[in-house]
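Okay, so here's the structure we're looking at.
The values are calculated or read from the model by the stated rules, or taken from the named source; none is laboratory data. As the structure is a prediction and not an experimental result, all values here were calculated from the model. Note that we place each Cβ from the backbone using ideal geometry, even for glycine, and neighbour counts take in every protein chain shown.
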Amino acid sequence: MNAALKVSGFAAGLAVVLGVAWAAGAAVGPVVDEPEPMVHGADGSHGSGEHLPGGLAVAQDGYRLVLAEEVLAPGTRRLTFSVLGPDGLPVTAYDVEHEKQLHLILVRRDFEGYQHLHPVLDEETGEWTTDARLTPGGWRVLADFVPRGGEDLTLGSDLLVPGNVDAPPALPVTRTDTVDGYTVTVDGDLVAGEHSMLTMAVSQDGRPVTDLQPYLGAAGHLVALREGDLAYLHVHPGADGLEFGAEVPSPGRYHLYLDFKVGGVVRTAQFLLAAS
Ligand SMILES: [Cu+2]
């Protein structure tokens, strides 16, 4: 018996088995036609069912985030890292997303520190570098990128900054923040598993600020992080100004960080919303 025959013989046997199973199912009664479980990407855009938000894993889909140092002293420090690809080598080519090849979010686990940085890539070595202002505590390093021709991915790794850390203050739900005289408010509610619209407004001295400058291809850039595990949620700019579409995966509290640009300066306003 040659290989082709073996294969077709096996296929025929399989077809019979499947046929029997199908007939048995049909005889028993209605069978829910359930699709195969799918492997979900970081953006959770595929199909239905459960999926994990981004930023929770240090490695996913064959890619791995590697920090050059996992412990750094407090202060302004050079942070170096690379992304290893499925072949085990550093990735050197990325697609541009929101005007950058990689977005790096640094957040302290107690939410007492946050930076949205755009590191510089050495295209020879695949090494990314940026300066970061680090205070003592446990930090999460989140890298949001698209390997060239691939899917959007957010990988996360821990970074420890030794030193004394105060007990975190109790943080109340916050819909208004004031940064350098700019007051930013967020309108809208987060509902687990549903698409929610959030609308931001910026004012100064009680008057709306109308000269916001584009930043990263939109009127502002919004990041949402879940309290408890720092899951990184994709938030998409809406069609109109500071409007964002967000879908949170679970009830709980979410920390929002809005980067906005006025007078050539990027500032970050932060909020804390509770999702029902
Ligand atoms: Cu960015």
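Assorted remarks:
- Leading residue by the ranking (surrounded by the fewest Cβ atoms within 10 Å (Cβ to Cβ)) among those in segment 76-100 that are away from the ligand (no atom under 16 Å from the Cβ) and part of a strand (DSSP E or B): T76
- Of all residue pairs spaced 6 or more apart or on separate chains, those with beta-carbon atoms under 7 Å, a first member in segment 209-233 that is more than 18 Å from T185 (Cβ to Cβ) and a second member that is crowded, with 18+ Cβ neighbours inside 10 Å and polar (S, T, N, Q) are Y232/T154.
- Residue within segment 37-59 that is out of contact with any strand residue (DSSP E or B) (no Cβ under 9 Å at 6 or more places or on another chain) and at pLDDT 95 or above present: no
- Number of residues in segment 101-128 that are assigned to a strand (DSSP E or B) and surrounded by 15 or more Cβ atoms within 10 Å (Cβ to Cβ) equals 14.
- Pick from segment 131-151, criterion surrounded by 19 or more Cβ atoms within 10 Å (Cβ to Cβ) and within 16 Å of the ligand (Cβ to nearest atom), ranking: farthest from the chain's Cα centre (by Cα): A132
- Residue satisfying condition, being among the hydroxyl-bearing types (S, T, Y), surrounded by 14 or more Cβ atoms within 10 Å (Cβ to Cβ) and not assigned by TED's automatic domain parsing to the domain that holds A93, within set T185, T154: T185
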